[in-house]
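A quick write-up on the structure given underneath.
The values are calculated or read from the model by the stated rules, or taken from the named source; none is laboratory data. For clarity, every value in this text was computed on a predicted model and none was experimentally measured. Here Cβ is always computed from backbone atoms with ideal geometry, including for glycine, and neighbour counts include all displayed protein chains. These area figures cover heavy atoms from the full protein model, side chains too; ligands, DNA and RNA do not enter into them. Shrake-Rupley method; radii C 1.70, N 1.55, O 1.52, S 1.80 Å.
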Amino acid sequence: MLRTATLQTADPHTTGSRPAGHVLVEALIAQGIDTCFGVPGESYLAVLDGFHEHREHIRFIACRQEGGAAFMAEAQGKLSGRPGVCFVTRGPGATNASIGVHTAFQDSTPMVLFVGQVASDQRDREAFQEIDYRQMFSPGTLGLAKWVAEVQSAHRVPEYVARAFHTAMQGRPGPVVLALPEDMLSTLTSAPVLPRVQPVHAWPAPGGLRDLRAMLMAAQRPLVLAGGSGWDAEAAMALQRFAENWQLPVACAWRFQDTFDNRHPLYAGDIGIGTNPKLVARLKDADLVIALGVRLGEMTTQGYTYLQAPRPTQKLVHIHAGAEELGRVYQADLMLQASMACAAKALEALAAPVAVSWAEHAASAGADYAANLVAPAASPLDMAVVVKTVQRLLPENTVYTNGAGNFSGWLHRYGQLPGLQHHGRTQLAPTSGAMGYGLPAAVAAALLHPDRFAFNLAGDGDFLMTGQELATATGYGAKNLISVVVDNGTYGTIRMHQEREYPGRVSGSDLFNPDFAALARAYGWHAETVDCTEDFEPALQRCLAASSPGLIHLKLSSDVITSRTTLSAIRQAAQQARTT
Ligand SMILES: Cc1ncc(C[n+]2csc(CCOP(=O)(O)OP(=O)(O)O)c2C)c(N)n1
């Protein structure tokens, strides 16, 4: 039986005593949060009442599905560097939200998920929608969350919120889950909220820096691989100066492409899926790789091959904020535990020689990147031109978002992002590979930063996983928001793998699509349909001139499967390999 908590009302201003649900909202305000994302539930009515009480200071964005809400909070965490906040109800709400928690975990994004929980006197009976969240999100280095707790005492709400924020940001950032028993939320308490928390920063050990300098002095083909979370504008600037002082080519890890200014002559490109083959060769041939802030995950290292695990052939320096990440996969030659804010400044201060032996090597890395931006012409719809047109027409500080699928490869290859010293994060993209991330992330960016543009590139499969969040954008008045849906009628990435492994045997990867433009119009968006390159720019112009968010439904042949090859070429090669 569902129990409705009776809210014990109290005037917070006269008695100092108020429901814990209100205290929770006050604690979030004290942490600097002015926007939370969620889907309401009867399990946390006292919190919703707290949002009403404090509506002048904080808003609750009601989303259409908890997956979208959790993605929005994750995007908020990426954009702000502080925890994004999501509220969901128990059981079904929490299970729907888990995709966003997983993304925050794999992407090292600070985030706090609050989950309504059954009343304390019903615990452990498998009460209505009851789940043990400690088990479900199982904290650990392979779990879904960094820390999971259930707040038993109304008086300790401020303590739990402060710790949740601290844990989410400290070391390797990540998600925290707090379960909130409904009776606890309606209990009165006079507990004061705690001040805004800041993560403690760690400086790299001086001895380690001396060793790193010696390794650099002995190197001939060094490469910096930067990425991960925990960066700020100063740290990004310090990284740029370190690179300039030492003339180091800098590559960015997959989907952390905004860590270094893509227009800088020392930028070498991003490493992960669809990487420039010349950059792959350069990485494999490097005699020193300085991995700065990156986790060196499976995608970035392409199955731990670009850098052989556990001992790469290249000399490896791994600098990371989380002690648990160092030595976890790679036995690096030098491991330094440090926050990016401190590590980058320490590297910038390393005394560089007047000239380095690898100056030509660095210049050619930049030249390889520039050459990779030149696209072979494609017809009738040229995705490279689409991306370049978007970049030409949208402001430099636009936030680019995508979910998972081959379509994202065009954005990653041809999109040039300013380093985050210029405009903070300009890329919101899931290293967890979660489909459906891009649209909610763009909606979050548009609502949190109405002065900036948000641009989402989606696949047809990807888009419909969270497409209902079009309504959230419309409902909360998002304006500077454009979504382009690449409709190739297939879960193309999977089709590509099928053609490689089982050529010609298509199964389960066809898509039957709606008219995406008509769908978007039904949600109050301006929408266009485009099937050739010439029509894209005028359509985008009309979207920009519209007073509502805009969606462009792009019709692309399924054969155009990546920026480098076609489905038919993959099938042919696989068939040939089988017959020879
Ligand atoms: C939530 C989720 N489900 C399934 C997958 C597996 N998956 C990865 S890419 C992909 C297909 C993406 O299709 P689409 O959005 O149409 O893009 P395309 O690859 O055709 O460009 C699938 C099913 C995933 N990454 N995430």
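Under the simplified labelling scheme, the residue 313-residue 234 pair shows an inter-label distance of 4.1 nm, with each label point 7 Å from Cα along Cα→Cβ. Could you name the lysines whose alpha carbon sits less than 28 Å from that of residue 315, not counting residues in the same chain fewer than 8 places away? Result set, ordered by chain and number: 278, 284, 345. Using the 1.4 Å probe convention, the accessible area of the chain works out to 38 Å² per residue with neighbouring protein chains retained. Sorted from greatest to least, the principal axis extents spanned by the alpha carbons of segment 235-338 come out as 33, 30, 24 Å.
Using the Cβ of residue 195 as centre and a radius below 15 Å, the other residues enclosed give a net charge of +1, where K and R count +1 and D and E count -1.
In the chain, what % of DSSP beta bridges are antiparallel (nearest 5)? Before the final figure, lay out the partial values.
Details: 3 of 69 bridges.
Around 5 percent antiparallel, to the nearest 5.
Computed with a 1.4 Å probe on the full set of protein chains, the accessible area for residue 146 sits at about 60 Å². With a ≥ b ≥ c taken as the square roots of the eigenvalues of the C-alpha gyration tensor of segment 432-564, please select rounded if a/c is under 1.5 and otherwise prolate if a/b is larger than b/c or oblate if it is not? It comes out prolate by the Cα gyration axes. Taking amide H as placed 1.01 Å from N in the peptide plane, residue 91 has its amide H under 5 Å from the amide H of 131, each at least 5 places away in sequence or on another chain. Karplus-based coupling profile of segment 254-264, in residue order and whole Hz: 3, 6, 10, 6, 8, 5, 10, 4, 5, 9, 6, with θ = phi - 60° in 6.51 cos²θ - 1.76 cosθ + 1.60 and x standing for Gly or Pro.
With respect to the chain, whose longest principal axis is taken over its alpha-carbon atoms, helix 533-545 is tilted by about 30°. Tell me whether the chain comes out rounded, prolate or oblate; compute the Cα gyration tensor, take square roots of the eigenvalues as a ≥ b ≥ c, and use a/c under 1.5 as the rounded threshold. Verdict is oblate for the chain. A Förster distance of 51 Å, applied to the separation of the beta-carbon atoms of residue 580 and residue 34, puts the FRET efficiency at 0.25. Per-residue 3J(HN,Hα) values for segment 328-343, derived from phi via the Karplus relation 6.51 cos²θ - 1.76 cosθ + 1.60 with θ = phi - 60°, read 6, 10, 9, 8, 5, 5, 9, 10, 10, 8, 7, 6, 4, 4, 8, 4 Hz in sequence order (x marks Gly and Pro). Annotation: amide H of residue 529 within the under-5 Å range of 553, sequence separation 5 or more or interchain, hydrogens built in the peptide plane. Taking 35 Å as R0, compute the FRET efficiency from the Cβ-Cβ separation of residue 305 and residue 159 and round it to 0.05. The calculated FRET efficiency here is 0.15. With a cut-off of 10 Å between beta carbons, the residues surrounding residue 300 carry a summed charge of 0, where Lys and Arg count +1 and Asp and Glu -1. The mean sequence separation of alpha-carbon pairs under 8 Å and at least six residues apart, normalised by the residue count of the chain, gives a relative contact order of 12 percent. Sorting 83-91, 374-382 by average packing, meaning the other beta carbons within 10 Å per residue, from highest down gives 83-91, 374-382. Relative to the dominant Cα principal axis of the chain, helix 359-372 is inclined by about 70°. Across segment 497-511, rounded Karplus estimates of 3J(HN,Hα) from the backbone phi angles (6.51 cos²θ - 1.76 cosθ + 1.60, θ = phi - 60°) give 5, 4, 5, 6, 8, 9, x, x, 9, 7, 8, x, 10, 6, 10 Hz, Gly and Pro being marked x. Taking segment 548-575 and a reference point 7 angstrom along Cα→Cβ of residue 378, the backbone N atoms nearer than 19 Å belong to 552-573. Taking amide H as placed 1.01 Å from N in the peptide plane, the amide H of residue 454 sits under 5 Å from that of 399, 481, 482, each at least 5 places away or on another chain. Taking all protein chains together, 501, 56 sort by accessible area into 56, 501, largest first [probe 1.4 Å].
Solvent-accessible area of the chain (1.4 angstrom probe, protein heavy atoms only): carbon and sulfur portion equals 52 percent. Once the chain from residue 537 to residue 357 is taken as fully extended at 0.36 nm per residue, the excess over their C-alpha distance is 60.3 nm. Sort segment 86-201 into rounded, prolate or oblate with this rule: let a ≥ b ≥ c be the square roots of the eigenvalues of the Cα gyration tensor; rounded if a/c is under 1.5, and if a/c is not under 1.5, prolate when a/b is larger than b/c, oblate otherwise. The shape class here is oblate.
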